[in-house]
Every structure is written in structure tokens, then in C-alpha cells.
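What follows is a short report on a single structure.
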């Protein structure tokens, strides 16, 4: 399916780094799209990886993090090598890796991702991988990333809480679990997507306590979730926030978050931080 053509471009003069984009091999994208059709929302842009790069770069996105996750053993290494190859082909891509906690050779997969493959961090998804952020099986991931000086992007907020995940994600996830991780691993940098939806206030409070915690804006400010984002986040915590979209698995226009955030009461320095410099500092080479 071709993408809608009626969305806009990045405004002239704005450098944009999208910290939350997904890239998968075609067959994995096909399975993801089928899952969303059956259990979640209608995806607006049913694109594959090369089309995603063309779409975003063509609209003025300068750089973006390529995220993926593994839901069964033996998948992570294939995905990590796939995204590393994509990054070699496209300079806009900043590749992150993944691992399924507890899978055979998990440590070797982490070593390859953060070493020879040159991936800029590790992505975990508590809902899909059915694991809490403070589960001891994740300790080796946090330790490896802390040692390598690379962040962990971890979907640890409670929403969206679809029953089809096969686990009670509202019990599995939440700010209290991230708090325990940060207390246990003070050297690891964590990025929690969706501003921690739906516990915005709780995650905002953690920003004040832990300098190694970041949040991304994906799907949280564009009206995709019903919960209201506290206005104190913008501009109050803008130096610890990352612009992100969840493209292409989001239901709305690709620039929905961009338009909302461009209207936020930010000065030029804060805009540069939110839209480019924070992510460049966190994920850049």
C-alpha cells in the first residue's frame, strides 16, 4: 500500500532527529502489520524498510534511530545484522540492536551488537518480550550497555495495554519498576518511549531524580492516547526529552507530533535540544 501524500515536510532550517522509528525485514513487517490489523489500530503507512528511509529523508528528517525487538529465541542476531547493514547503506540511519533476555547466547549477541556491529544501544519491549524492566534477566543487558556507554531504549510504560500481548502489561510495567532499575544500575542510560504513558507524572518525577533517564515523545503528544500530557514537561524537562514518532507503526500522520511540539512554548535553544541535539548526543557516534 502506498503512503498518503498529503502530510507536510520538516520546516526549513529545522534539523530533525527522530529517535523512534522501526525497521524490520519484509517478512517481519508483514507479520507485525497482520498483528496490528487483528489486535490494535489501523496503520497509516504500511511501508517496508527502504520505503521508510525514502519517505522520512524525502520529507526532511536528517537522522533517525532504527529500532527493532525480538519476541523469540534466535531472532535478535538476525535483526541486529539486518539493521547494521541498512545503516551502512543509509547515513540517516542510527542503528540500535536488541536481544531476547534469557535466550541462548544472549551475552554473545550483546557483545556482537555493541562491538563489531557498532550498534548504538539496545531496544527492549516489555510488552512484546513479556518481561518486567526490573527482572534480573535484564541485569546483563544493563551492565553491557553501561560498560559500552550505550543507552537502553525500553518500552516500560503501561500503554498500550492490548490483551493480545498475552500478559497483564499494566502489572508488568510502570514507573516503579524503572525506578528500581535506575537505583540498581546507576551507570546505565535508559530511554522510555511514549513519555512513559500512562504514568506521565510519575516518570516526570523520576526525571528530577535520575540524570540517566530520558523520555521520548512518540505517540504521546499527538492525540493517539487519551491521556493528557502534563504541560510542565514542555519546556520544563526539554533537555531530557527526545522527539520520536513510532513510525511507521503509528496510526496517524507522520508529522502529528512535530506539529504539536512546534507549537509548544520553546525557545530556539530548547527546540534544537528536543528536535536534534539531545538524540545526537545520546545516540551519535
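Worth a mention:
- Single residue of the range 204-228 satisfying the filter (under 16 Å from the mean Cα position of the chain (by Cα) and not in a loop (DSSP other than H, G, I, E, B)) that is nearest to residue 40 (Cα to Cα): 216
- Residue within the range 7-16 that is outside any loop (DSSP other than H, G, I, E, B) and touching a residue at least 60 places away in the same chain (Cβ under 8 Å) present: no
- Subset of the range 190-200 [under 10 Å from the mean Cα position of the chain (by Cα), at negative phi and free of Cβ contacts under 8 Å to residues at least 60 places away in the same chain]: 192
- For residue 118, the stated conditions hold: it is over 26 Å from residue 205 (Cα atoms), in contact (Cβ under 8 Å) with a residue 24 or more places away in the chain and surrounded by fewer than 17 Cβ atoms within 10 Å (Cβ to Cβ).
- Test: residue 233 is surrounded by 22 or more Cβ atoms within 10 Å (Cβ to Cβ), closer than 23 Å to residue 283 by Cβ and more than 13 Å from the chain's Cα centre (by Cα): yes
- Among the residues of the range 132-143, the ones that are without any contact (Cβ under 8 Å) to a residue 24 or more places away in the chain and assigned to a loop (DSSP other than H, G, I, E, B) come to 0 in all.
- Filter result (in contact with a helix residue (DSSP H, G or I) (Cβ under 8 Å, 6 or more places away or on another chain), part of a helix (DSSP H, G or I) and under 24 Å from residue 165 (Cβ atoms)) within the range 111-131: 126, 127, 128
- Being surrounded by 14 or more Cβ atoms within 10 Å (Cβ to Cβ), in contact with a helix residue (DSSP H, G or I) (Cβ under 6 Å, 6 or more places away or on another chain) and at pLDDT below 95 is a condition met by no residue of the range 243-255.
- Sole residue being part of a loop (DSSP other than H, G, I, E, B) and at pLDDT 95 or above, chosen from 46, 34, 88: 46
- In summary, residue 272 fulfils each of the numbered conditions (1) farther than 19 Å from residue 21 by Cα; (2) not in a helix (DSSP H, G or I) with the single exception of condition (2).
- Of all the criteria given as (1) without any contact (Cβ under 8 Å) to a residue 40 or more places away in the chain; (2) touching a helix residue (DSSP H, G or I) at 6+ places or on another chain (Cβ under 9 Å); (3) surrounded by fewer than 22 Cβ atoms within 10 Å (Cβ to Cβ), the one not satisfied by residue 187 is (1).
- Meets criteria (at pLDDT 95 or above and assigned to a helix (DSSP H, G or I)) for residue 150: no
- Verdict on residue 24 being within 23 Å of residue 281 (Cβ to Cβ) and surrounded by 20 or more Cβ atoms within 10 Å (Cβ to Cβ): no
- Qualifying residue in the range 62-70 (condition: out of contact with any helix residue (DSSP H, G or I) (no Cβ under 8 Å at 6 or more places or on another chain), under 18 Å from residue 153 (Cβ atoms) and assigned to a strand (DSSP E or B)): yes
- The condition of being at pLDDT 95 or above, touching a strand residue (DSSP E or B) at 6+ places or on another chain (Cβ under 7 Å) and closer than 30 Å to residue 148 by Cα does not hold for residue 239.
- Residue in the range 52-67 that is without any contact (Cβ under 8 Å) to a residue 60 or more places away in the chain, surrounded by 15 or more Cβ atoms within 10 Å (Cβ to Cβ), under 20 Å from the mean Cα position of the chain (by Cα) and closer than 25 Å to residue 102 by Cβ present: yes
The values are calculated or read from the model by the stated rules, or taken from the named source; none is laboratory data. Remember, predicted model here, so these are calculated numbers, not experimental data. Virtual Cβ from ideal backbone geometry, glycine too; neighbours counted across all protein chains shown.
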